[in-house]
1. So, in segment A:22-35, exactly how many residues are of a type outside the set (S, T, N, Q) and either exposed (fewer than 13 other Cβ atoms within 10 Å of the Cβ) or closer than 16 Å to A:Gly82 by Cβ (or both)?
2. If you go through segment A:95-112, how many residues are facing chain B (nearest Cβ under 10 Å) and either surrounded by fewer than 21 Cβ atoms within 10 Å (Cβ to Cβ) or under 12 Å from A:Asn29 (Cβ atoms) (or both)?
3. If you go through segment B:1-50, how many residues are among the small types (Gly, Ala, Ser) and on the phi > 0 side of the Ramachandran plot?
4. Taking the stated definitions as given, is B:Ala92 within 14 Å of another protein chain (Cβ to nearest Cβ), aliphatic (A, V, I, L, M) and surrounded by fewer than 15 Cβ atoms within 10 Å (Cβ to Cβ)?
5. Can you name the condition, by its number, that B:Val66 falls short on among (1) in contact with a His (Cβ under 6 Å, 6 or more places away or on another chain); (2) at the interface with another protein chain (Cβ under 10 Å from one of its Cβ atoms); (3) among the β-branched types (Val, Ile, Thr)?
6. For residues that are part of a loop (DSSP other than H, G, I, E, B) and among the small types (Gly, Ala, Ser), tally how many sit in segment B:48-87.
Amino acid sequence: EDKVVQSPLSLVVHEGDTVTLNCSYEVTNFRSLLWYKQEKKAPTFLFMLTSSGIEKKSGRLSSILDKKELSSILNITATQTGDSAIYLCAVEAGNQGGKLIFGQGTELSVKP
Amino acid sequence: NAGVTQTPKFQVLKTGQSMTLQCAQDMNHEYMSWYRQDPGMGLRLIHYSVGAGITDQGEVPNGYNVSRSTTEDFPLRLLSAAPSQTSVYFCASSYSWVSGGPSFVNTDTQYFGPGTRLTVL
């Protein structure tokens, strides 16, 4: 059975801290791994990763995929209170595109 | 572009009632899907569609029907609501293309609608 597991499930940090969120997966026919940020409503897209070892960056956020370890990390540096959200990892797998398998999410709380 | 829109935002049903959750997108995306989100379980795929007239089941299809008569709309129907269907429902869409054969659909980033919070009493 295809599975995506995120850790930790929740995290509380202070502004300015750096955090690393983890996502591991066991799927058949891996196609891509996506990170989303969810703040009380719809998930918004952060990154799509398909190649191992290539870091993707957007401002203070970065992510990298390790296909050998079947995992990905999402790093947030110099955290701000606006980074408080649930971060979702999803893996697209199977013979047909589009079917996302989501992890449980990591709830990040950034305190001032 | 309005993106992906969903109606209603909130709904309360009694057990056994039926209703349709609406989803529409104006980005000319072929691929559309429905997910439900429950606490501690992430999002789970209910049904998806690779184009008008084509639908298929996802991970948790029981109790739900879908149809895709146009590219823009992908409604989700609950025929007889049950308390287990209390959840937040998200519709998503993405650009897609076929390569390597007619059944090999590839998709780009999926964009999500704002969600419908459904409570079944």
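Here, each number is a calculation from the coordinates, and none is a lab measurement. All values derive from a computational prediction rather than experimental measurement. Cβ coordinates were reconstructed from backbone atoms using ideal geometry, including for glycine residues, and neighbour counts include every protein chain displayed.
1. Number of matching residues: 0.
2. 6
3. Looking only at that region, the number is 4.
4. Criteria not met by B:Ala92.
5. (2)
6. 9
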